[in-house]
Every structure is written in structure tokens, then in C-alpha cells.
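The values are calculated or read from the model by the stated rules, or taken from the named source; none is laboratory data. Computed from a predicted model, the values in this text were never measured in an experiment. Using ideal geometry, Cβ is built from the backbone for each residue, glycine included, and neighbour counts are taken over all protein chains shown. Remember, those area values only see protein heavy atoms, side chains included, never the ligands or the DNA or RNA. Shrake-Rupley method; radii C 1.70, N 1.55, O 1.52, S 1.80 Å.
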2 protein chains.
Amino acid sequence: MRNIRIILEFDGTGYSGWMRQGNKKIPTVQAAAESAVYRLTGEHVTVNGCSRTDAGVHALNYTANFMTCSTVPPERFYRALDPFLPDDIKVKYSDEVPRDFHAAFSIKNKTYRYYFYYGEYDRPMLRNRAWRVSARPPVSEDRLIVTANTACSFITGRHDFSSFKASGGLAKTTERTVYNADIKRVGESVYCLEICGDGFLYNMVRIIAGTVAGVISGRFQPDDIKHMIDSKNRKNAGITAPPHGLYLYKTEYTDI
Amino acid sequence: MRNIRIILEFDGTGYSGWMRQGNKKIPTVQAAAESAVYRLTGEHVTVNGCSRTDAGVHALNYTANFMTCSTVPPERFYRALDPFLPDDIKVKYSDEVPRDFHAAFSIKNKTYRYYFYYGEYDRPMLRNRAWRVSARPPVSEDRLIVTANTACSFITGRHDFSSFKASGGLAKTTERTVYNADIKRVGESVYCLEICGDGFLYNMVRIIAGTVAGVISGRFQPDDIKHMIDSKNRKNAGITAPPHGLYLYKTEYTDI
């Protein structure tokens, strides 16, 4: 019995998130991954994911693991699984890890990216891939980046993020550490918020993205973020940005 | 009667190119645009496009024009057409132009972009959007960019591009001027070839992209481009890169 780690990229548009659901007709990434392992090895395994994701959320380097008796060499799994996966889910890498490695429980930190753009119309090439913020920012692009990054600096650090949490999460505490949060311009009026932390509350990244967009469009001042955090009240933060702009970018693990 | 110019962005994945076809069941961008104008104005117009495009090719700023008696203010057409267009085609801008303006015949230059990436597996987020070149380049990224741009420099200028032309085009001459061609890194192992010229022969940009990829993977030397051009023989150039990596980026017109 070996513990195999796989790293996936997936386009979440067609899926109701990572987690397998009782109703087998609901497409999930986990069910697709487990079906591919079954078709390759004949084994009914549970593929443990590093994170739940909401419907429509994408992943660029999503870590998962599963136990197998298969004789496929660990570093070959990524190629061997390929014919059994749909076009919108691919395994990029595979290796063997210690028996006690678990994609969710062994995690050290996670990095998300949130893509958004400004414009008066939806851009066909960015549909299902980035959030259109309709309010054009009243400031120049350089100024926008500075303002947004000032807002991000108040997010960084260890805080009680109750104000940035949707109801319904299973987390026991609402304290999290954000190691880094910043915004870069990545294309014509397209921006990317990148945020790395030891963990995130339910919808936390999407609420942070909605709040930062509110700073850019002038609804909030960067300083307001500090007061939002202190208030521990979801009502004071910005809107929840839609799922299709969110990407799980990568995960890091304690030495294994 | 007014002549309206519109600028569109479209995801070409679901279309058999721009040009309307005899068989109405074949989806084309032109047919979709004409249908939207009809539903808005009640007029059966011909929407003239700036260029034919192959099936699967995308456009970021595609210029078209049509004559109308409609009283919709010219600069409002882009919003007015929106409800009648599918998600993968949007009009970004509209204005009135002189009666003799024609999106194809009045053109001064066109700029295309070709996106490609290196990797051993297809990337779900880039499917239908960029070409995967499976051979990993044997050189560092910096070296790759320098080599590719040297190859591009031989493309620039006025040349007989017979070697970079698929059979079946309607062009009367095979001489074209390329004003600029260069390659930039735009993401993790993702590259963009941008090429601007007074016109392009049938499949010319895709053959140039396939040839430049051949230089990067070591099949050709940058200098070989010069000999390919001189030979005026399609067999000496590289492969035709697939359509889904190609984007009509923009067009420029003589002063109107």
C-alpha cells in the first residue's frame, strides 16, 4: 500500500466544487479524480483533496493524495491517469509520500489568486475566468495599484477574520494568519490579487476580493479594512466576489 | 443611412470562423452579429468584417461595419446590441464612420497574437486558448526569448512570403510587409508572439508561429528563416500552428 500525491490543474466551470456529493449526478472534481483512479487501477479509493472549493472555482496546483496497491510507479501516475480524465481536469505531477501525509491535514499554507477586470462589457475571453467589476476606478492605474496594496497590507498578519467569513463554515476558530496579500496588473485592465495564509475561513478570499474591489472603486478607504477586522462583523466588509475569478494557486506542506 | 463601425471581442471556440456560410446551421461570428443587428433594428444588414478568420480563432478587437437606417445613436450600438449577442461575442465599442469606410478594404495594418506554452500535459485553463508545444526547449527561458526574437527579426520587413502561405488563399500577390514581430513571456512557460503587418496571406501567422516554435525547440536555427523566405517554398517552413492559439488583436485604419 502506497500513499500517492498528485497535483492537479482544473477548470472549475463545469463542477460543483471539489467535494464528492451524495447525488452522483452532481459533477465534482473529486468524483472525476476517483473515477480516473478506478479506471486505471480497478481500486475504489478516496482521493483526499487539500481544500473544499466552491462551484466554479478553479485550481492551478491542487494537491490531493490517495492510498493504492497499484504497481504503477508513483512518478508515472500523472501520465497514466491522463486518458481517464476529462479535458478540464489534468494531473501535472505525482510522487510517493509517507503514509501519514494527508493533502488537507498536513498543509502548511495555501495561496489563492483572484482575477478581476474593469470594463463596461463582459469580455468573452475572460468569461468564467475573471470577475468584471463594472465601476471603472476613478483613479489612474498606478494610483489604483498603490491604493489596493495599502488595503491589502491591513489584511496581512494574524487576525480574527470573523468579518470576512460567510456563515456555514466548519472552522473552530476564526483566527488566521495571512502571510502575504498583494495586487498586480496582469493584462489590459486585468488585475490579480494573490493571498497566502495558513488557512482561510469559508468564502474569506472572495470576501477579501470583494472588499478590495470596493476600495478601488472608492466605496471604502484602505484604512476601513482595519476597522472591518476589529468589528468582527460580516456586515461591515464588502461583497462576496463571485467564484469564477478564484483560483487555488498552490499549497505548501511541512517537510515530509 | 449611416455607416456604423463596431469593435468586437469573441471567443472563436464555438464558431466556424467569421464568415457566414451557405449552410445556416454552421455557426459563424458574422451570422451571429447580423442576427443581433436584425433583432435590434429589424433590418437585414451585411456586417462587413475586417478579416476572415479560421474556425477556433479568437479576436480581441475585431473591427466590422454595417449600413443602417436605425435611429439608435451610433455610440450606443455597443450597449444596445449586447442583449442580442451570445456570451462568447461582445461588442466593445461603436461609432459612425464615413459612407466609404469598409472594415476590410480601408485597413492600414493588422496585429495578431499567437499564444503557446511548453509542458508535458495540456493545461485545462489554457485549452482552446493557447497551443501546447510538447517539446520542452533545451535552453533557459532568457536564451529562448533571445533566440526566438532573432528568428522574428528575419520575418520583419517587406518579403515574398510564399513559403509562409497555405494553398487556397485568394491573394493576388504574395508580397507583404511585416512591421513588427516579437515574442514575450506572459505567464508560467506561456509565450506570446505579436506580429503586425499590412496584410497576411492564408495561414501566414499560424505558419510563422509553427516555424518560430521550431526554432525554439531546436529544429531550426534563427538564420534558417532567411533561407525559408528566399526559397519561396512552403515545404521549407515549419508546421502550421493550430487555430486555437491565434487572436486577431487589433486593426488600424487610414485616417477617416
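Here are some residues: B:Ile26, B:Ile7. Which one is open to solvent by less than 50 Å² (accessible area, probe 1.4 Å) and outside the structural domain of B:Gly197 (by TED's automatic domain parsing)? Explain how you work it out, then say what you get.
Values: B:Ile26 fails: open to solvent by less than 50 Å² (accessible area, probe 1.4 Å).
Residue meeting the stated conditions: B:Ile7.
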key: Top-ranked residue in the range B:77-86 [being modelled with pLDDT under 95 and crowded, with 18+ Cβ neighbours inside 10 Å; ranked as farthest from the other protein chains (Cβ to nearest Cβ)]   = B:Phe77
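One residue is enough: does the range B:43-50 have a residue meeting the conditions open to solvent by 10 Å² or more (accessible area, probe 1.4 Å), at pLDDT below 95 and over 24 Å from B:Ala241 (Cα atoms)?
Within the range B:43-50, the subset open to solvent by 10 Å² or more (accessible area, probe 1.4 Å) is B:43-46, B:48-49.
This time we only want the ones that are at pLDDT below 95, so: none.
No, that holds for no residue.
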ask   = Within the range A:38-87, which residues are closer than 22 Å to A:Leu170 by Cα, in a loop (DSSP other than H, G, I, E, B) and not aliphatic (A, V, I, L, M)?
value = A:Thr46, A:Cys50, A:Ser51, A:Arg52, A:Thr53, A:Asp54, A:Gly56
query = If you take the residues of the range A:198-218 that are in a loop (DSSP other than H, G, I, E, B) and either modelled with pLDDT of 90 or more or among the β-branched types (Val, Ile, Thr) (or both), which of them is nearest to A:His58 (Cα to Cα)?
reply = A:Asn203
query = Pick from B:Ile145, B:Ile107, B:Ile155, B:Ile89: which is of a type in the set (Val, Ile, Thr), more than 14 Å from every other protein chain (Cβ to nearest Cβ) and within 27 Å of B:Tyr15 (Cβ to Cβ)?
reply = B:Ile107
ask   = Being open to solvent by less than 30 Å² (accessible area, probe 1.4 Å), within 30 Å of A:Val186 (Cα to Cα) and not assigned by TED's automatic domain parsing to the domain that holds A:Ile216, is that true of even one residue in the range A:69-76?
value = no
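So, in the range B:59-74, how many residues would count as being within 12 Å of chain A (Cβ to nearest Cβ) and more than 21 Å from the chain's Cα centre (by Cα)? So that I can check it myself, show each step before the final result.
Let us first name the residues in the range B:59-74 that are within 12 Å of chain A (Cβ to nearest Cβ), namely B:59-62.
Then keep just the ones that are more than 21 Å from the chain's Cα centre (by Cα); that gives none.
So the answer is 0.
Having 3 or more residues that are open to solvent by less than 50 Å² (accessible area, probe 1.4 Å) and of a type outside the set (D, E, K, R) is the bar; report the strands (runs of 3 or more DSSP E) wholly within the range A:88-197 that clear it. Break it down stepwise before answering.
Details: elements: A:89-97, A:107-118, A:131-133, A:157-160, A:175-187, A:190-197.
Output list reads A:89-97, A:107-118, A:175-187, A:190-197.
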